[in-house]
Amino acid sequence: MSKSTNRVGHEQAIQLLDTDDGCRQEISMKRFERLAREERGQIIVWFALMLVVLVGFAGLVIDGTYYFKQRQELQAIADGAALAGAMQLNYGMLGGPTNSFKLEWFPPLKKAKDAAREYCALYDIDDPEITMPFEALGEVLTVKVSREIDTFFIHILTSKRKVLVSAEAQGLLVAGY
């Protein structure tokens with residue numbers, strides 16, 4: 001059987017089915033309405049699936065934007081702490097406005113680490129990781145800061161309610177600064 005559609009008007013839609021003997025049978029709009037009713041409910045399934053996808057994308061956009069904004073703020077804090085520590089290295093080892101020139105390494109290193117910690121404390125970073133590589137002892141101060149942030153939407157789809165954000169910066173000892 002082959003199908004062909006014949007439209008008479010908006011209110012009357014009639015489909016004609018060709019049979020083997022050439023006779024046409026008319027199927028009324030009522031039959032089509034009944035068939036259409038049997039397929040109801042599909043939109044609910046599609047809506048539910050698309051809603052999950054939409055919430056997932058919205059969560060990714062909102063939580064991702066918030067994550068990158070927090071990362072940017074932490075990077076600024078790490079940069080400031082590294083700069084504060086490097087300034088103490090400069091003052092302590094090269095002679096600053098209040099210090100005389102000293103060849104002692106350890107007191108300026110402690111002051112540099114303390115200055116970096118104090119700067120981080122201003123922004124509620126409790127335990128920054130402040131290191132100085134041994135091969136560059138007294139010349140490079142590395143500050144790593146991290147903070148856990150809450151998620152807004154992603155925890156609906158996953159079990160993660162908090163995400164760890166971290167940043168790192170280095171301060172260098174520069175002669176004459």
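The values are calculated or read from the model by the stated rules, or taken from the named source; none is laboratory data. Remember, it's a predicted structure, so these values are computed and weren't measured experimentally. For neighbour counting, all protein chains shown are included, and Cβ atoms are generated from backbone atoms with ideal geometry for every residue, glycine included.
Within the range 63-101, being crowded, with 18+ Cβ neighbours inside 10 Å and modelled with pLDDT under 75 holds for Asn90, Tyr91, Gly92, Met93.
Considering the range 141-157, the residues that are among the β-branched types (Val, Ile, Thr) and touching a strand residue (DSSP E or B) at 6+ places or on another chain (Cβ under 7 Å) include one that is farthest from Phe57 (Cα to Cα), namely Thr142.
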